[in-house]
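**Student:** A single structure is presented below for examination.
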Amino acid sequence: MTTTALVTDSTSYLPPGLADALGITVVSMHVVLDGRSVPEVELDPAEFYRRLRGGATPTTSQPAPGEFLQAYDAAGAERVLCVTAAAALSGSHQSALLAAGMTDLPVDVVDSGTIGGGLCLVVLETARGLAVGASHDEALALAQSLGGRVASTWSSDTTALLAAGGRLPNDVPEGIAVFALDGGQVRVLGAARSVEESIDFQVDVIRASAAQSPTHVTVGHGDAAELADALVEALSGVDGVLGIDRYVAGPVVAAHVGAGNVGASYLRAAD
């Protein structure tokens with residue numbers, strides 16, 4: 001059987017140990033802080049969030065094509081499947097495509113349509129498919145399908161960074177806004193009067209979807225571990241939630257959504 005290497009970028013925020021266990025290669029995004037560009041994977045999230053709350057204004061950039069090329073060629077497989085953050089949100093996808101044209105290896109690049117926990121979910125489900133014997137073409141079809149089904153919800157302490165990046169919708173209501181991300185687009189789901197209500201709001205959205213199509217879920221946070229604990233606890237009792245993987249939202253996502261973020265990603269029913 002043809003061997004396939006699975007590659008993604010660091011905004012997948014794969015839970016510790018799972019990338020190695022499932023044979024996933026991660027190519028790092030970059031964060032510019034104090035005028036210095038640092039690979040995202042080299043930054044400590046806790047320290048980064050401390051600086052973000054202290055007023056730091058980081059910027060982010062995608063990996064260069066050469067960094068993806070190095071990952072492809074070092075993967076030691078006959079074919080490569082690369083699943084990236086949404087092209088609408090990051091230049092990572094374009095870099096991965098350019099790198100695919102620079103190697104003799106057959107490389108398929110999939111735009112996940114998402115980032116963070118959503119990308120984590122798509123990559124993990126694809127890796128698990130490969131682990132149980134899916135062919136390259138089957139894994140490619142799976143990743144493409146998952147990218148069309150994945151959705152995310154989240155809330156955050158602030159909307160200032162979304163606004164600064166030009167991604168804040170116009171219809172943000174008063175209170176704690178609860179957002180959704182699907183198809184690379186940010187939209188408002190509604191508003192909550194308290195943090196606890198914002199957690200309940202997210203749980204209700206996922207409950208309704210899971211009732212129609214059982215799903216694994218990823219839950220992540222940025223400097224809001226207690227909120228993530230509460231979200232995991234609430235989702236653990238939801239019918240149709242098949243399992244929960246946890247992650248910490250890293251510096252690239254944090255630079256755009258701010259500290260105090262908590263959210264979940266899930267798979268909707270196929271059309």
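**Student:** Name the single residue, out of those in region 117-152 being within 17 Å of the chain's Cα centre (by Cα), among the hydrophobic types (A, V, I, L, M, F, W, C) and not in a helix (DSSP H, G or I), that is surrounded by the fewest Cβ atoms within 10 Å (Cβ to Cβ).
**Tutor:** The extreme case among them is Ala151.
**Student:** Are any residues in region 174-194 surrounded by fewer than 17 Cβ atoms within 10 Å (Cβ to Cβ) and over 28 Å from Val110 (Cα atoms), and if so, which ones?
**Tutor:** Initial filter on region 174-194 (surrounded by fewer than 17 Cβ atoms within 10 Å (Cβ to Cβ)): 174-175, 183, 185, 187-188, 190-191, 193-194.
Scanning region 174-194 gives Glu174, Gly175, Gly190, Ala191, Arg193, Ser194.
**Student:** With respect to Ala5, determine if the residue is of a type in the set (Gly, Ala, Ser), within 20 Å of Leu130 (Cα to Cα), at pLDDT 90 or above and surrounded by fewer than 16 Cβ atoms within 10 Å (Cβ to Cβ).
**Tutor:** Values: of a type in the set (Gly, Ala, Ser): yes; within 20 Å of Leu130 (Cα to Cα): yes; at pLDDT 90 or above: yes; surrounded by fewer than 16 Cβ atoms within 10 Å (Cβ to Cβ): no.
For Ala5, the condition - of a type in the set (Gly, Ala, Ser), within 20 Å of Leu130 (Cα to Cα), at pLDDT 90 or above and surrounded by fewer than 16 Cβ atoms within 10 Å (Cβ to Cβ) - is not met.
**Student:** For region 89-146, which positions are over 21 Å from Asp73 (Cβ atoms) and touching a Phe, Trp or Tyr at 6+ places or on another chain (Cβ under 7 Å)?
**Tutor:** Scanning region 89-146 gives Gly116, Gly117, Cys120.
Rundown of residues vs (1) out of contact with any His (no Cβ under 6 Å at 6 or more places or on another chain); (2) closer than 15 Å to Ala249 by Cα; (3) not β-branched (Val, Ile, Thr), yes/no style:
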residue: Ala5; (1), (2), (3): yes, no, yes
residue: Pro16; (1), (2), (3): yes, yes, yes
residue: Thr25; (1), (2), (3): yes, no, no
residue: Leu33; (1), (2), (3): yes, no, yes
residue: Ala64; (1), (2), (3): yes, no, yes
residue: Asp73; (1), (2), (3): yes, no, yes
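**Student:** Among (1) over 17 Å from the mean Cα position of the chain (by Cα); (2) on the phi < 0 side of the Ramachandran plot; (3) modelled with pLDDT under 95, where does Leu18 come up short?
**Tutor:** That leaves (1) as the condition not met.
**Student:** Within region 90-116, work out how many residues are β-branched (Val, Ile, Thr), assigned to a loop (DSSP other than H, G, I, E, B) and surrounded by fewer than 24 Cβ atoms within 10 Å (Cβ to Cβ).
**Tutor:** Step one: of region 90-116, the residues β-branched (Val, Ile, Thr) are 103, 107, 109-110, 114-115.
Going one step further and asking which of them are assigned to a loop (DSSP other than H, G, I, E, B), we end up with 103, 114-115.
From what's left, surrounded by fewer than 24 Cβ atoms within 10 Å (Cβ to Cβ): 103.
Counting residues in region 90-116 that are β-branched (Val, Ile, Thr), assigned to a loop (DSSP other than H, G, I, E, B) and surrounded by fewer than 24 Cβ atoms within 10 Å (Cβ to Cβ) gives 1.
The values are calculated or read from the model by the stated rules, or taken from the named source; none is laboratory data. Predicted, not measured: the structure shown is a model, and the values here were computed from it. For neighbour counting, all protein chains shown are included, and Cβ atoms are generated from backbone atoms with ideal geometry for every residue, glycine included.
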